[in-house]
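Working notes, structure below.
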Amino acid sequence: MSGARPFQDNPALRVDGLAVARGGRVLFSGLSFAAGAGDYVELRGANGSGKTSLIRALAGFLPPRAGTIVFERIEEPALALHYVGHSNGLKSNASVASHARYWAGLFGGVGDAEGALVRVGLSGARDRLARTLSQGQARRLALSRLVIAPRPIWLLDEPAAALDAQGRETLGALVAAHRADGGIVVAAVHEPLGPEPSLALKVGA
Amino acid sequence: MNAFSVTFRRDLAMMWSGGGALTPIGFFLGATLLVPLAMGPERSLLESAGPPLVWIAAALAVLATLERLFQADLEDGSLDQMLLSRAPLEWLVLAKACALWCAVGLPLALAAAPAAIALQAPVDRVAAIVLSLALGTAAFIGIGLVGAAITAGVKRGGVLIALIVLPFFAPPIIFGAAVASGEDVGAALAVLTGCALGAMALGPIAAAAALRLQAE
C-alpha cells in the first residue's frame, strides 16, 4: 500500500442530481458532487437524513430514484469498492483469522491477510471467535477488509462507531494512506474522522 | 483461493461447528424410526407405506435447514460483502448450496440406509434408495434456495418457505418414492438426476435475483 500511487488510473466518482427514496419516501434529491483521486468526502446530516441510503446507493445496492452515479476509469464498480456499514458482516462462530482468509478469497486480495490484522490491531486476537469480540474489535475486524484487498473506492458508514481513541487513530491513518495512494474515501460521520475532508457534504433537507 | 472455494469451506465449517448439520439428521432418523413403533410390526403394512415415508421425512429435514440459509447473511451484513465479490452472486449461492448438500444432503442419504431397513425395505434395494436420496436432496436444496432467498427478510419465514417450496418438491418425491418401492428404478433414477441437475443449475440464478432485491 506504500510507494507510488497504486491506483494510477486516477479513479473518479461523479454524482449528478441524485435522488434516493426509502419505503416510498424521498430522502433527498438533486444531490451532486464529484470526487477524484485522493479525495475524502465527508457526509454529514441528522439521523434519518439518508446518509446510509446514499452510501448504499453508491455501492450499487440501492437503485436511485433519479440521477446518475458514474465511476470514471473504473470498469466494474462492484469490484472497485469496499463497503463498511453498520453490520460488520461477521459470523459469530468463525475466528478472526478465518474471516481474514475468507475475505482474501472473496475479494481476490493480494493475500496479506495477516498483515491486515496487524494493521488494525487485532494480531493478538486472531484465534478468537467473532462472538467473543467487543463491538470495537468487531469494527476493527470489518475495517481489515479495506487492507486485505486494495480497492480504490471506500464507502464507510459511521466507520468510527464503537472504536476507541487508538482505533480512531488507526482509522485516520488508514484513510490518510489510502488518499496518498490515490484512492477515494466517502464516509458518513457524526464526529469528524480526523483527516481534513476535501469535501464536506450535508445530506438531507 | 477463489471465492467459490472459500464460500464453500466457510459454510461447511459453520454448519458443522454450530451443530446445525446434526439437527436435520436427528430429525430424519427420529421421524423414520418412530414409524414402525406407531404402525405396529406388521410387515406388509410397513413395506408398502414405509419407503415413501423416508422421502417425506427427508423433504421436511431439508426444509428445516433452509430458513437461516440466507437470512443470517442478510442480517449480519455478509450479503453486502458477497455482492462486492469478484465472483458473481449466483456462483456464491451455488457454493452455499453445495456446502449445504455436503453437510446435510449427503448425510441424510446415508442415514436413509438404516431408516429404510427399519421400515422393512428389501436389503437389495437399500443402495438404490440411498442413491435416489442423494439426488433427491440435491433437488430439494436447489429448489429450496429460491424459497430461502425470497423469505430471507421475513422473520420466522419457515412456514412461508414451506408454502413456496413444497409444491415444487412433488416431482422428486414422486420419482423417489418410485425408486423406494422398486418400480422402474433405472428410469426413476434418470428423472431424479434431471431434477437434481436442473434445480442446482436454475435455483442459484433465481435465488441470486431475489437476494439482490433483499439487499436494497
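Quick one: compute the contact order of region B:2-215, relative version, from alpha carbon pairs under 8 angstrom and 6+ residues apart, as a percent. Across region B:2-215, relative contact order equals 28 percent.
Charge dipole of region B:2-215 (Cα centre as origin; +1 on each Lys and Arg Cβ, -1 on each Asp and Glu Cβ, all else neutral): 340 debye, rounded to the nearest 20.
At a Förster radius of 30 Å, what calculated FRET efficiency corresponds to the Cβ-Cβ distance of residue A:16 and residue B:5, to the nearest 0.05? Mind showing how you got there, number by number?
Working: r = 40 Å, r/R0 = 1.34.
Plugging the Cβ-Cβ distance into 1/(1 + (r/R0)^6) gives 0.15.
For region A:19-48 versus region B:24-79, the inter-centroid distance based on Cα atoms is 49 Å.
With only Cα atoms counted, region B:2-215 has Rg and Dmax values of 17.4, 58 Å.
Per residue of B:13-24, what is the mean number of Cβ atoms on other protein chains within 10 angstrom of that residue's Cβ?
Mean shielding by partner chains, rounded to a whole number: 2.
Here the Kirkwood formula puts the hydrodynamic radius of region A:143-205 at 12.3 Å, using every distinct Cα pair.
Rounding to the nearest 10 and keeping the result within 0 to 90°, find how far the Cα-based axis of helix B:89-100 lies from the longest principal axis of chain B. Around 40 degrees separate the two axes.
Note on region A:91-150: dipole from Cβ charges, positive end direction compared against A:108, A:149, A:92; the farthest Cα belongs to A:92. For region A:91-150, the solvent-accessible area works out to 37 Å² per residue, with a probe of 1.4 Å and every protein chain left in place. Between 0 and 90 degrees, the angle of helix A:165-180 with respect to the longest Cα principal axis of chain A falls at about 60 degrees. Averaging the Cα positions of each part gives two centres, and for region A:181-203 and region B:130-195 these lie 50 Å apart. So what's the back-of-envelope 222 nm ellipticity for chain A, counting only DSSP H runs of four-plus at -39500 (n - 2.57) apiece and dividing by all residues, rounded to 500? Helix contribution divided over all residues of chain A: -9000 deg cm²/dmol. Counting only lysines at least 8 places from residue A:51 when in the same chain, those with an alpha carbon closer than 20 Å to its own are A:202. Does anything in region B:112-155 have its amide N under 13 Å from the 7 Å Cα→Cβ label point of residue B:75, and if so which residues? Once the point is set 7 Å along Cα→Cβ of residue B:75, B:152-155 turn out to lie under 13 Å by backbone N, inside region B:112-155. Label separation (residue B:47 vs residue A:173): 7.7 nm, computed from points 7 Å beyond Cα along the C-beta direction.
Counting only protein heavy atoms and a probe of 1.4 Å, the accessible surface of the protein assembly as shown is 61% carbon and sulfur.
What does the convex hull of the alpha-carbon atoms of the protein assembly as shown project to on average, in nm²? Provide the component values of the computation, followed by the final result.
Details: hull surface 87.1 nm².
Its average projected convex-hull area is 21.8 nm².
Partner shielding of B:73-80 amounts to 5, given as the average count of beta-carbon atoms from other chains within 10 Å of each residue beta-carbon.
Would you work out the charge dipole size for the protein assembly as shown about its Cα centre, treating the Cβ of every Lys and Arg as +1 and the Cβ of every Asp and Glu as -1, and quote it to the nearest 20 debye? All intermediate terms of the calculation are to be shown ahead of the outcome.
Values: 32 positive and 30 negative charges, 139 e Å.
So the magnitude is around 660 debye.
When each of the peptides A:181-192, A:38-49, B:16-27 is scored by how many other beta carbons lie within 10 Å of its residues on average, the order from highest to lowest is A:181-192, A:38-49, B:16-27.
Show that you can apply the helix-only estimate: for chain B, add -39,500 (n - 2.57) for every DSSP H stretch of four or more residues, divide by all residues, and state [θ] at 222 nm to the nearest 500.
On the way: 10 runs with 172 residues, N = 216.
Roughly -27000 deg cm²/dmol at 222 nm, from the helical runs in chain B.
At q = 0.22 Å⁻¹, what is the log10 ratio I(q)/I(0) for region B:64-137, with the Debye formula run over Cα points and no solvent? Taking Cα atoms of region B:64-137 as identical point scatterers yields -0.93.
For B:81-91, what's the mean count of beta carbons from other chains sitting within 10 Å of each residue's beta carbon?
5
Taking R0 as 51 Å, what FRET efficiency do you get between residue B:187 and residue A:196 from their Cβ-Cβ distance, rounded to the nearest 0.05? So, using R0 = 51 Å, E works out to roughly 0.10.
Peptides B:73-85, B:150-162, B:100-112, B:134-146 ranked from most to least packed, by the mean per-residue count of other Cβ atoms within 10 Å: B:134-146, B:100-112, B:73-85, B:150-162.
When the surface is traced with a 1.4 Å probe over the full set of protein chains, residue B:166 keeps roughly 70 Å² accessible.
A straight Cα-to-Cα reach below 20 Å connects residue B:96 with the aspartates and glutamates B:11, B:67, B:73, B:75, B:76, B:80, residues fewer than 8 places away in its own chain not being considered.
Largest GNM mean-square fluctuation across B:43, B:86, B:125, computed for chain B with C-alpha springs under 10 Å, falls on B:86.
Which order, highest average first, do A:98-107, B:201-210 follow once you tally other Cβ atoms within 10 Å for each residue and take the mean per peptide?
In decreasing order of mean packing, A:98-107, B:201-210 become A:98-107, B:201-210.
For chain A, the longest principal axis of the alpha carbon atoms and the long axis of helix A:96-107 meet at an angle near 50°. Label separation (residue A:161 vs residue B:117): 5.5 nm, computed from points 7 Å beyond Cα along the C-beta direction.
Residue B:201 versus residue A:66, label points 7 Å from Cα toward the beta carbon: distance in nm? Distance between the two pseudo-spin positions: 4.5 nm.
What total accessible area, in Å², is buried where chains A and B meet, using a 1.4 Å probe and rounding to the nearest 100? Let's see the in-between values first.
Working: alone 9500 and 10030 Å², together 17340 Å².
Result for this pair: about 2200 Å² buried.
The values are calculated or read from the model by the stated rules, or taken from the named source; none is laboratory data. These numbers come from a predicted model, not from an experiment. Cβ coordinates were reconstructed from backbone atoms using ideal geometry, including for glycine residues, and neighbour counts include every protein chain displayed. Quick note on the areas: whole protein, heavy atoms, side chains included, nothing else; ligands and nucleic acids left out. Shrake-Rupley method; radii C 1.70, N 1.55, O 1.52, S 1.80 Å.
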